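Working notes for the structure below.
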Amino acid sequence: MQVQTHVDIHSEWGIVAARQAGRKLAREIGFGSVDQARITTAISELARNIYLYANKGQIQIEEATSAGKRGIKIIATDQGPGIKEIRRVMEDGFTTSGGLGAGLPGVKRLMDDFDIDSELKVGTTITAIKWLR
Amino acid sequence: MNSVIKDMVLEHKEDITDSWLKEISKFRSDDMLQNISDKMYENTNLEFVNILILTVQKTNEELEHDELIQFVEKLIQIGWPLNYITRGLQEFRKACVEIISNREENSHNNLEFFKKIEDWIDDIVNLLVTQYSGSWENTVFLQKMALKELSAPLIPVFENISVMPLIGTIDTERAKLIMENLLEGVIEHRSQVVLIDITGVPVVDTMVAHHIIQASEAVRLVGAKCILVGIRPEIAQTIVNLGIDLGKFPTKSTLKKGIESALELTQREIVELKK
Amino acid sequence: MRIPILKLHDYLLISVQVELDDQTALQFQEDVLEKIHEEGSRGVVIDLTSVDMIDSFIAKVLGDVVDMSNLMGARVVLTGIQPAVAITLIDMGIVLDDVPTALDLEQGLDRLQLELED
């Protein structure tokens, strides 16, 4: 059975709700404590980006399967301003918010698959998957 | 199985067997089967071909539990190459087609007939290859598990001091496991100082160094100190030549020196007893 | 939500027992600095044993608390960072370079004592 959770992000509380939902599903799928922390942290980063840059959006968390593998898939969608310099936001230490600049490159390292799709003035969709080892 | 073929195969059983045995014995010379005794080789061949011929009477369902499966499983376990089985089947197909088309006049040029033989042998090939690869995957899985268990235990040597000896090549997968073992162990043993001993690591390249640096940074975050020990001269050379900066954490050439330094860090020392 | 800050002689002891949302983290930063100012504390131990996730934002807040407290003359030691949390931080490339750490509250207090003797 495919499990799916949607969390709307329009306040900081959405960030907490999204990562709690993510941790719950990650645990159900059978991830160990370290991977649970990785997944929860990735969700937190993605949710915060939505809140910071697009004000509102959505985090969708679901079970992923492919070629006999199981995993967890996170899709972060917003209708915000879009990302002007995708190459630069993937660099360590690049920040426009005064943070550590570890957010998106960090998410990429925490997860196994990472895909970013952004159009100026239309919005951004980021998909990230972590596979069970 | 088609009854016409069945009858033909059974009728020419002897000829097929002879022809097959002749071909398969040629095959032995260009293969690693040479250290198997002649007697053993002959017996196995005979058993193989007899079982093959008998499969002509069986349905696909019956095949799945046939003695052929047990026979092949036995071969795999004692280490016969997959080649032997596939070549054996190829030769068997040739033998069947040749013998039967020579002896049976009405079967000449009968495409239907060839197709029947093909189907029969193909089913067997599929079945055996599935069987073989399944058993091979199983072996790989077991070896992976064995390697996992081999991975890096954390050994408490004094109160608050632990040693993690690393042995063998470190890839990303192992590095992750090592890191988890290391950190869980630090918490479990309440270690203040951890000595990572790389005496048994054959090559330290940038990737291995990167994993070790990450591990020691993680150890620092959970609240302990890391000392890298067992740095052989050639390792020191590669580390410097590759431009890897290990300046941030302490290193010692031997485990012994590392332990002395760990004791110092925890305000202790080894003293000789005076008589 | 506010995180309680306990005073013990010259030290402040803080055990973070709730899931840190952004607001709580920022409020916490403010409270710690205020308390250091009020009590003239020389050392702070922040115990993170019950924290199961630190993302880049919270890491930044914690790092800032350490730097800001140092400016005010108080040393800060972080204790009880869980293995999973440490690995995640390292994966993200967050090293918290100059932050002193210890295994637990007890060793954290020892560590503070050492730092202050120097």
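The values are calculated or read from the model by the stated rules, or taken from the named source; none is laboratory data. Values in this document were obtained by computation on a predicted structure and should not be read as measured data. No Cβ is skipped: glycine too gets one built from the backbone with ideal geometry, and neighbour counts run over all protein chains shown. To get the accessible areas, we keep the full protein, side chains included, count just its heavy atoms, and leave off ligands, DNA and RNA. Shrake-Rupley method; radii C 1.70, N 1.55, O 1.52, S 1.80 Å.
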Take C:VAL99 and decide whether it is surrounded by 22 or more Cβ atoms within 10 Å (Cβ to Cβ) and either assigned to a helix (DSSP H, G or I) or touching a strand residue (DSSP E or B) at 6+ places or on another chain (Cβ under 7 Å) (or both).
no
Residues of segment B:171-180 being open to solvent by less than 60 Å² (accessible area, probe 1.4 Å) and not acidic (Asp, Glu), which ones?
B:ARG174, B:ALA175, B:LEU177, B:ILE178, B:MET179
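Conditions tested, residue by residue: (1) open to solvent by 30 Å² or more (accessible area, probe 1.4 Å); (2) polar (S, T, N, Q); (3) touching a Ser or Thr at 6+ places or on another chain (Cβ under 9 Å); (4) assigned to a helix (DSSP H, G or I).
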residue	(1), (2), (3), (4)
B:ILE213	yes, no, no, yes
B:LEU228	no, no, yes, no
B:GLU234	yes, no, no, yes
B:VAL240	yes, no, no, yes
B:GLY243	yes, no, yes, no
B:LYS248	yes, no, yes, no
Among the candidates A:ARG87, A:ARG70, residue that is assigned to a helix (DSSP H, G or I), open to solvent by 10 Å² or more (accessible area, probe 1.4 Å) and either over 21 Å from C:ILE58 (Cβ atoms) or hydrophobic (A, V, I, L, M, F, W, C) (or both)
A:ARG87
So which residues in segment A:13-26 are open to solvent by 40 Å² or more (accessible area, probe 1.4 Å) and within 11 Å of another protein chain (Cβ to nearest Cβ), if there are any at all?
A:TRP13, A:ALA17, A:GLN20
Let me confirm something: among B:VAL193, B:VAL219, which residue is in contact (Cβ under 8 Å) with a residue 60 or more places away in the chain and buried (at least 24 other Cβ atoms within 10 Å of the Cβ)?
B:VAL193
With respect to B:GLY168, is the statement that it is surrounded by fewer than 22 Cβ atoms within 10 Å (Cβ to Cβ) and among the small types (Gly, Ala, Ser) true?
yes
I'm trying to understand the selection: among the residues of segment A:1-12, which are open to solvent by less than 40 Å² (accessible area, probe 1.4 Å) and either touching a Lys or Arg at 6+ places or on another chain (Cβ under 7 Å) or of a type in the set (S, T, N, Q) (or both)?
A:ILE9, A:SER11
Would you mention how many residues in segment A:27-43 are more than 11 Å from chain C (Cβ to nearest Cβ) and of a type in the set (Gly, Ala, Ser)?
1
Options C:VAL99, C:VAL76, C:VAL95: the member that is more than 9 Å from every other protein chain (Cβ to nearest Cβ) and within 15 Å of the chain's Cα centre (by Cα)
C:VAL76
Qualifying position, being in the same structural domain as B:PHE114 (by TED's automatic domain parsing), closer than 24 Å to B:PHE114 by Cα, assigned to a helix (DSSP H, G or I) and in contact (Cβ under 8 Å) with a residue 60 or more places away in the chain, among B:VAL49, B:VAL9
B:VAL9
Tell me yes or no: at least one residue of segment B:98-116 is of a type in the set (S, T, N, Q), within 16 Å of B:ASP15 (Cα to Cα) and open to solvent by less than 60 Å² (accessible area, probe 1.4 Å).
yes
Before we move on, is C:ARG2 touching a Ser or Thr at 6+ places or on another chain (Cβ under 8 Å), open to solvent by 50 Å² or more (accessible area, probe 1.4 Å) and more than 21 Å from A:ILE15 (Cβ to Cβ)?
no
With C:LEU114, C:LEU33 as the choices, which residue is farther than 25 Å from A:ALA47 by Cβ, assigned to a helix (DSSP H, G or I) and within 12 Å of chain B (Cβ to nearest Cβ)?
C:LEU114
Which one of the conditions (1) open to solvent by 30 Å² or more (accessible area, probe 1.4 Å); (2) more than 24 Å from C:GLN17 (Cβ to Cβ) does C:ILE90 fail to meet, given that it meets all the rest?
(1)
Taking A:ILE116 as the residue in question, decide whether it is at pLDDT 95 or above, open to solvent by less than 50 Å² (accessible area, probe 1.4 Å), within 14 Å of the chain's Cα centre (by Cα) and more than 9 Å from every other protein chain (Cβ to nearest Cβ).
no
Among what's in segment A:90-107 and is open to solvent by 30 Å² or more (accessible area, probe 1.4 Å) and out of contact with any Lys or Arg (no Cβ under 6 Å at 6 or more places or on another chain), pick the residue that is modelled with the lowest pLDDT.
A:GLY98
Residue among C:ALA84, C:ALA25 that alone is at the interface with chain B (Cβ under 10 Å from one of its Cβ atoms) and either touching a residue at least 24 places away in the same chain (Cβ under 8 Å) or charged (D, E, K, R) (or both):
C:ALA84
If you check A:LEU110, A:LEU46, A:LEU52, which single one turns out to be open to solvent by 50 Å² or more (accessible area, probe 1.4 Å), within 14 Å of another protein chain (Cβ to nearest Cβ), within 27 Å of C:VAL95 (Cα to Cα) and modelled with pLDDT under 95?
A:LEU52
Looking at segment C:63-71, is at least one residue in a loop (DSSP other than H, G, I, E, B) and of a type in the set (A, V, I, L, M, F, W, C)?
no
